Structures are given as structure tokens and as C-alpha cells.
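Visitor: Submitted below is the structure of interest, expressed as C-alpha cells.
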Amino acid sequence: MLLYRMLSLFAVAGFALAANLAVTGSVCTITPGTNVTADDTPSILSAFQQCSSDASIVISEGTYNINQVMETTGLKNVTIDLQGTLLWSTDISYWRANGLPLNYLNMTSAWVLGGEDITFDGHGYGTLNGNGQVWYDFSNGVGNLAGRPISLIIANTTNSVFTGIQFVQSQFWTMAITQSDSLLLTDIYVNSTSNDGTSTENTDGVDTFFSNNITFRRWSVTNGDDSISTKANSTNILIQDCEFFNGNGFAAGSIGQYNDTFEFIENVTMERVVAYNTLWAGYIKSWTGTVEGYPPNGGGGGIGYAKNITFRDITVHNLTGGITEITQCVSYNGDTSGCDTSTFQVSNYTIEDIRGTIYGGSLANLYCSVAAPCPGISLDFTNVGTNGTRNLTCSNVVGADFECTGPAGYSPY
Ligand SMILES: *[C@@H]1O[C@H](CO)[C@@H](O)[C@H](O)[C@H]1NC(C)=O
Ligand SMILES: *[C@@H]1O[C@H](CO)[C@@H](O)[C@H](O)[C@H]1NC(C)=O
Ligand SMILES: *[C@@H]1O[C@H](CO)[C@@H](O)[C@H](O)[C@H]1NC(C)=O
Ligand SMILES: *[C@@H]1O[C@H](CO)[C@@H](O)[C@H](O)[C@H]1NC(C)=O
Ligand SMILES: *[C@@H]1O[C@H](CO)[C@@H](O)[C@H](O)[C@H]1NC(C)=O
Ligand SMILES: *[C@@H]1O[C@H](CO)[C@@H](O)[C@H](O)[C@H]1NC(C)=O
Ligand SMILES: *[C@@H]1O[C@H](CO)[C@@H](O)[C@H](O)[C@H]1NC(C)=O
Ligand SMILES: *[C@@H]1O[C@H](CO)[C@@H](O)[C@H](O)[C@H]1NC(C)=O
Ligand SMILES: *[C@@H]1O[C@H](CO)[C@@H](O)[C@H](O)[C@H]1NC(C)=O
Ligand SMILES: *[C@@H]1O[C@H](CO)[C@@H](O)[C@H](O)[C@H]1NC(C)=O
Ligand SMILES: *[C@@H]1O[C@H](CO)[C@@H](O)[C@H](O)[C@H]1NC(C)=O
Ligand SMILES: *[C@@H]1O[C@H](CO)[C@@H](O)[C@H](O)[C@H]1NC(C)=O
């Protein structure tokens, strides 16, 4: 027997309708409505409510308008089968006033999703379109604009798989993963590219917080900021078979932004990655030990460590900064004097089997603070071509297996 229910929250006789929801047993199926401008969020939220455990949600081919925030948490054994496109509205004042909190760095999101045993499958074409151009134009170079929403937060989630999803024109960071364990995110396409030359700063591919055992496999990330970033309390992170275009490359950090607060990053491996025109292949960045302002655009004074970060089998093309950087100088207040103050401890950072070319800068610039010199740094740039000098500048790097060509330069981020 087919149990068919039409959701018609905005339906009035004679008017066109938003997306339909049909519930058949444990399958909730969304199909496009007849009104292409209506808000489809209520139908989608209703599907997540009615199919929240031992169920599947099918979002069929078509485009759905997402005009409201979505909080779909506490799912249990749910398959989300995304065949269509979710298109976020461009109502900047709505989103800035209604974002859902990350509970960290004052960041907010348009969609918080979570639960256990979730499979979110986009089949290589299911798409989240953040309509980010309006945000790139509106923020106009202002970093971490309050209320500019992360496309998707995966929160409080365990044993789940995200596969074949495309994220285009994300409003801000594409994804944040927080308070989660044992996730696989594979075959993910991210492309946040401004079509009018405005900055795509803050379009990070993904940032992890308070999470363990996260694998990122076969990502293609085109953006204007960190390609993949592990921040506070990220452990056992594996990045494999990815391609990064134009952004900053992998980032461990920034970290240490909250005064006297312990945060750490431990056990990160990145392998078989190709980077094109990125700033670095990857880098490590901590805030200074001096408190100036408060998060998200100020802070410092955090404690903790980043250790056991390894990049191997990496190919680079025309990198604009160099292969890598360590900076402990992060401070958004233009104060260049704090680089030696951080007690945040960076150690055991290895780059092996890396090849290709850099376009500018130096091979590496490693600024460890006087207050926490870095041991266990191992870098081999034998197979990296430069367009001239082979500078590898370092300060307070101890027991390295390479020779530094001079002291490190100041680097604010
Ligand atoms: C379609 O939805 C929009 C937004 O809710 C509404 O303003 C418009 O009247 C609807 N059109 C029809 C034909 O129902
Ligand atoms: C998960 O949900 C599916 C229905 O979508 C059901 O067939 C299966 O038995 C559930 N698995 C468990 C372990 O309960
Ligand atoms: C994760 O769960 C905790 C505990 O219920 C809650 O306080 C927190 O807000 C959740 N995280 C997010 C980002 O929603
Ligand atoms: C935090 O974000 C809210 C809006 O989401 C904003 O009103 C507030 O000014 C922000 N606070 C800081 C310190 O940036
Ligand atoms: C880590 O996560 C993967 C899923 O990506 C899972 O298969 C594995 O069992 C987890 N490992 C541990 C030690 O929990
Ligand atoms: C990203 O999008 C831009 C603009 O749409 C396009 O030119 C570029 O080819 C895309 N990059 C990738 C890797 O698909
Ligand atoms: C930072 O934390 C230290 C140690 O608890 C404290 O002495 C100092 O006052 C704090 N600084 C600020 C600006 O809050
Ligand atoms: C990070 O993890 C450590 C060790 O579990 C814990 O002591 C610390 O409070 C965590 N940091 C934050 C900001 O929650
Ligand atoms: C470093 O992390 C990797 C995983 O990223 C792990 O296999 C290795 O055992 C760790 N090394 C140490 C010394 O903990
Ligand atoms: C890092 O990896 C090592 C080796 O597998 C393991 O012993 C250690 O517990 C890991 N660290 C964390 C924080 O999980
Ligand atoms: C290399 O990078 C430079 C500077 O960003 C850029 O002008 C040039 O077009 C790039 N070359 C290629 C082949 O991408
Ligand atoms: C750090 O490297 C040292 C040798 O340089 C090694 O003895 C130690 O086990 C490493 N620790 C981690 C956590 O990788």
C-alpha cells in the first residue's frame, strides 16, 4: 500500500506549490513543486523529522530553494540520497540574523546536520549551492564577517559517510566538522570561485574541531583560503588522493586563539595530494602568546601543541608562497612583535617525497617562537624546482635534518 502525503504548507487552491514530500514506509521522498520560487525548506525539514531513524531520505532531481536555516541532528541509521541541488537564498540580512552556532569562534551555519550511522550520498552530482557570489561581494575583503554562514556543519556525528557531494559557491567555509568521530568524506567537490574578482577569503574547504578519526579522500577543492584545515582538538586525520586549486593548501591551525586554553592537533597524515597554484602545499599556524582583541578577529595566548604531522607523496605545481610555512605570529591586529611569545608547541613535522615546482617565495619559512622552539622537523626538497633561489629560512627550529639559509621572516597568517 502506498501511503502518500502531500505537504502543502503554502498551498492555497489555485496557487503553485513548494516541494512535495511523499512518505512510503521508511522512505521519505522529496520532489520539486510547481512553484519554482517557493521556499522548499519546510518540506525538507519535514522529511528529516519523519525519516530520522532507520530510514532514507531521497531528494530527487531538481532544484530546491533553501530560504531558512536547517537543524537536522540526532539522526540514526539514515541514508540521505541527494540527487538534486539545494540552492541557498541570497537574503543576507536573514542569514546574518538567524545562523545556527558552531559554538566556537562566533561562527554560524546555514545547516547543522548530525547523528550516527549516516550515509549522505550525492552520487557525484547532488549539489549544495551556497549562492556565495552575493557574500563574496558583500563582505568585500572583510574577514570573518559576523553571521556569514558556513554552508554545512557536521556536528556530534559518529560512524558516518559523506560521498559524491558537490559544494559550489559556498557562502563562507564550505564545511565545519565538530564533536565528531569516525567519519569518511570521500569524492567531494568544492569550488568557490568569484566571477567578478572579489575576494574568496574565508571559503575554507573544511575545518575540523574537537573531532577524531576523520578521513578526507578524493577531494577536489578550488577556493581562496585553506583547502582543508584541522583546528582545535583534531586528532587522527587522514587526507588522501586530493587535488587543491588556488587556495592556501592544507592548514594545521590556526590554533591558540583563546587565552590560556589548551588545544591540540595530533596525528595528521596527508598523502598522494596534488596542489596547483596554491599558496603552500601545507602549513602550520598558531596565534601569538600575546592577547590582542578577541575571537574571531583577535585573540592569542592559547596553549597546547601540534605534533606528528606528515605529508608524503605530494606533487606541486607553481605554488605561490613556497612548499610550507610554520608561523607562530598570527595576530590580526597588524602587530608584528609577538612572534616569539607563543608557548604553543609545534613538533614532529615531516615532509617526504615531494616534487614539482614553486613559482615564488622560498622553499620554506619556519618561524617557531623563542618560547617554544620546534624539534623533530624533517623536510626534503631535493625534487622541488624553483625559479631561482632555494631559500629555506628558519628561526628556533632545533635538531633539524636540513640546513637553514637564514632567519625566518615575519608572516601574519
Ligand atoms: C510562488 O511562491 C512565492 C514565494 O512563496 C509566492 O510569492 C508566489 O505567490 C507563488 N506563486 C504562485 C503562482 O503560487
Ligand atoms: C537501518 O535502516 C534500514 C532502513 O533504511 C533498515 O533496513 C536496517 O535494518 C537498519 N539497520 C539497523 C542496524 O537497524
Ligand atoms: C553538539 O552536542 C552538544 C551536546 O548536546 C551541544 O551542546 C552542541 O551544541 C552540539 N553542537 C552543535 C554544533 O550543534
Ligand atoms: C558574533 O556574531 C554576531 C552575529 O552572528 C554578531 O552580532 C556579533 O557582533 C559577533 N561578535 C563578535 C565578537 O564578532
Ligand atoms: C575510523 O573511522 C573509520 C571510518 O572512516 C572506521 O571504519 C574505523 O573503524 C575508525 N577507527 C577507529 C579506531 O575507530
Ligand atoms: C571552478 O569553477 C570555476 C568557475 O566556475 C571554473 O572556471 C573552474 O574550472 C572550476 N574548477 C574546477 C577544478 O572544476
Ligand atoms: C590570559 O591568561 C592568563 C593566565 O590565566 C592571565 O593571567 C591573563 O590575565 C589573561 N589575559 C587576558 C587578556 O585575559
Ligand atoms: C582539548 O582536548 C584536551 C584534552 O582532551 C582538553 O583538556 C581541552 O579542554 C580541549 N580543549 C577545548 C578547548 O575544549
Ligand atoms: C603519527 O600519526 C600517524 C597517523 O597519522 C600514525 O600512523 C603514527 O603511528 C603516528 N606516530 C607516532 C609516533 O605517534
Ligand atoms: C597518535 O597515534 C599514536 C600511534 O598510533 C597513538 O598511540 C596515539 O594515541 C595517537 N594520538 C591521539 C591523540 O589519538
Ligand atoms: C603561476 O603562478 C603565477 C603567479 O600566481 C601566475 O601568474 C601564472 O599564471 C601561473 N602559471 C601557471 C602555469 O599556472
Ligand atoms: C617525535 O620525534 C621523535 C624523534 O625525532 C620521536 O622519538 C618521537 O616518538 C616522536 N613523537 C611523535 C608523537 O611523533
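Visitor: Applying the Karplus parametrisation 6.51 cos²θ - 1.76 cosθ + 1.60 with θ = phi - 60° to the phi angles of the range 295-300, what ³J(HN,Hα) value in whole Hz is obtained for each residue in order, glycine and proline being reported as x?
Guide: Going residue by residue, I get x, x, 9, x, x, x Hz, with x marking Gly and Pro.
Visitor: Please list, in chain and number order, the residues 5+ apart from Phe262 or on another chain whose amide H is under 5 Å from its amide H, with Hs placed from the backbone.
Guide: Ile303
Visitor: While we're here: Hey, quick one: spin label on Glu271, modelled 7 Å out along Cα-Cβ, who in the range 332-360 has an amide N within reach, i.e. under 13 Å?
Guide: 352-353
Visitor: Right, next: Restricting to the chain, compute how many DSSP beta bridges are antiparallel as a %, nearest 5.
Guide: Roughly 5 percent of the beta bridges in the chain run antiparallel, per DSSP.
Visitor: To one decimal place, what orientation-averaged projected area in nm² is obtained for the convex hull of the Cα set of the range 151-288?
Guide: Directional mean of the projected Cα hull area for the range 151-288 stands at 7.9 nm².
Visitor: Please give the net charge around Ser56, taking every other residue with its beta carbon less than 11 angstrom from that of Ser56, where Lys and Arg add +1 and Asp and Glu add -1.
Guide: Neighbour charge sum, excluding Ser56 itself: -3.
Visitor: Sorted by accessible area with a 1.4 angstrom probe, largest first, how do Lys231, Lys307, Lys76 fall?
Guide: These residues rank, largest area first, as Lys76, Lys307, Lys231.
Visitor: Continuing with the same structure: Please work out the FRET efficiency for the pair Asn391 and Glu71, using the Cβ-Cβ distance as r and a Förster radius of 35 Å; give the result to the nearest 0.05.
Guide: Efficiency computed from Cβ-Cβ geometry: 0.10.
Visitor: Solvent-accessible area of Asp380, probe 1.4 Å, all protein chains present, reported in Å² to the nearest ten, please.
Guide: Taking all protein chains as shown, Asp380 has close to 80 Å².
Visitor: Which FRET efficiency value, to the nearest 0.05, is calculated for Thr382 and Thr261 with the Förster distance at 25 angstrom and r the Cβ-Cβ distance?
Guide: That pair, Thr382 with Thr261, gives E of 0.05.
Visitor: Taking every pair of alpha-carbon atoms in the range 257-408, what share in percent sits in each 5 Å bin, from 0 to the bin with the longest distance?
Guide: For the range 257-408, the pair-distance distribution reads 2, 10, 19, 21, 19, 15, 10, 3, 0.
Visitor: Please get the size of the charge dipole for the range 332-413, origin at its Cα centre, with Cβ charges of +1 on Lys and Arg and -1 on Asp and Glu, quoted in debye to the nearest 20.
Guide: 160
Visitor: Also: For a test of the definition: using alpha carbon positions, the gyration tensor, and the 1.5 limit on a/c, classify the range 85-230 as rounded, prolate or oblate.
Guide: Prolate shape, in that a/c is at least 1.5 and a/b is the bigger ratio.
Visitor: Which of Thr186, Gly147, Gly338 sits farthest toward the positive end of the charge dipole of the chain, with +1 on the Cβ of Lys and Arg and -1 on the Cβ of Asp and Glu?
Guide: The residue sitting most towards the positive pole is Gly147.
Visitor: To continue, here is another question. Dipole magnitude of the range 40-101 about its Cα centre, charges +1 at Lys/Arg Cβ and -1 at Asp/Glu Cβ only, in debye to the nearest 20?
Guide: 180
Visitor: Next up: If you count the DSSP beta bridges with both ends in the range 1-156, what percent of them are antiparallel, to the nearest 5?
Guide: Approximately 20 percent, going by the DSSP bridge assignments.
Visitor: Ignoring ligands and nucleic acids, what accessible area does Ser26 show with a 1.4 Å probe (Å², nearest 10)?
Guide: Around 60 Å² of this residue is reachable by solvent.
Visitor: So for Val268, Val69, Val398, what's the accessible-area order with a 1.4 Å probe, most first?
Guide: Val398, Val69, Val268
Visitor: Also, quick follow-up: Give me the angle, in degrees from 0 to 90, between the Cα long axis of helix 41-50 and the longest principal axis of the Cα atoms of the chain, rounded to the nearest 10.
Guide: 90
Visitor: Check Ser378: other-chain or 5+ apart residues with amide H under 5 Å from its amide H, H built from backbone geometry?
Guide: Those qualifying (amide H under 5 Å, at least 5 residues apart or on another chain) are Tyr349, Thr350, Ile351.
Visitor: Now, a different point. Short version: ³J(HN,Hα) in whole Hz for each residue of the range 330-337, in order, from phi by Karplus 6.51 cos²θ - 1.76 cosθ + 1.60 (θ = phi - 60°), x for Gly and Pro, what are they?
Guide: Using θ = phi - 60°, the values come out as 5, 5, 8, 9, x, 7, 8, 8 Hz.
Visitor: Quick query: amide H of Met70 versus all other amide H atoms, modeled in the peptide plane; which residues come in under 5 Å with a sequence gap of 5 or more or a different chain?
Guide: Answer set, sorted by chain and number: Trp111, Val112.
Visitor: Among Ile59, Leu75, Ile228, flag the residue with its Cα farthest along the positive direction of the charge dipole of the chain, charges on Cβ as +1 for Lys/Arg and -1 for Asp/Glu.
Guide: Going by the charge dipole, the pick is Ile59.
Visitor: Please state the charge dipole magnitude for the chain, taken about the Cα centre, from unit charges on C-beta atoms (+1 on K and R, -1 on D and E), reported in debye and rounded to the nearest 20.
Guide: Charge dipole, the chain, about its Cα centre: 200 debye, nearest 20.
Visitor: I would also like to ask the following. Where does the chain land at 222 nm, in deg cm²/dmol rounded to the nearest 500, when only DSSP H runs of n ≥ 4 count, each adding -39500 (n - 2.57), divided by all residues?
Guide: Calculated from helices alone, the mean residue ellipticity at 222 nm is -1500 deg cm²/dmol.
Visitor: Say R0 is 30 Å: what FRET efficiency, to the nearest 0.05, do Ala371 and Ala146 get from their beta-carbon distance?
Guide: Here the calculated transfer efficiency is 0.40.
Visitor: Tally Lys and Arg at +1 and Asp and Glu at -1 over the other residues with C-beta under 11 Å from the C-beta of Glu201: what net charge comes out?
Guide: Here the charged neighbours net out to -2.
Visitor: Considering the convex hull of the alpha carbon atoms of the chain, report its projected area averaged over all viewing directions, in nm², one decimal.
Guide: 19.4
Visitor: How big is Rg to Rh over the range 16-67, alpha-carbon atoms, Rh as the Kirkwood inverse-mean-distance radius?
Guide: Result: Rg/Rh = 0.97.
Visitor: Between exposed GluC sites (Glu not before Pro) in the chain, where DSSP calls loop and at most 14 other Cβ atoms lie within 10 Å, what's the longest gap?
Guide: Segment 62-402 is the longest.
Visitor: What number comes out for accessible area per residue over the chain if the probe is 1.4 Å? Units Å², please.
Guide: 37
Visitor: Hey, any idea what % of the chain's accessible area is carbon plus sulfur with a 1.4 Å probe?
Guide: Of all accessible area on the chain, carbon and sulfur atoms account for 49 percent.
Visitor: Taking the inverse of the average 1/r across all pairs of different Cα atoms in the range 109-191, what Kirkwood radius in Å do you get?
Guide: After inverting the pairwise mean of 1/r, the radius is 13.3 Å.
Visitor: For the range 87-155, what is the convex hull volume of its Cα atoms per residue in Å³?
Guide: With only Cα atoms used, the range 87-155 gives 99 Å³ per residue.
Visitor: Can you tell which of Gly406, Gln328, Tyr283 lies farthest toward the positive end of the dipole of the range 265-413, using +1 and -1 charges on the Cβ of basic and acidic side chains (Lys, Arg; Asp, Glu)?
Guide: Tyr283
Visitor: Now, a different point. Quick one: Karplus J couplings for the range 152-164, per residue in order, coefficients 6.51, -1.76, 1.60, θ = phi - 60°, nearest Hz, x for Gly and Pro?
Guide: In residue order, the calculated couplings are 9, 9, 9, 10, 6, 10, 10, 6, 9, 10, 10, 9, x Hz.
Visitor: Going Cα to Cα from Lys76, which aspartates and glutamates come in below 13 Å? Please leave out same-chain ones fewer than 8 positions away.
Guide: Excluding near neighbours in sequence, the set is Asp54, Glu116, Asp117.
The values are calculated or read from the model by the stated rules, or taken from the named source; none is laboratory data. Keep in mind that what you see is a predicted model, and the values were worked out from it rather than measured. Cβ coordinates were reconstructed from backbone atoms using ideal geometry, including for glycine residues, and neighbour counts include every protein chain displayed. Ligands, DNA and RNA are excluded from the accessible area calculation, which covers all protein heavy atoms including side chains. Shrake-Rupley method; radii C 1.70, N 1.55, O 1.52, S 1.80 Å.
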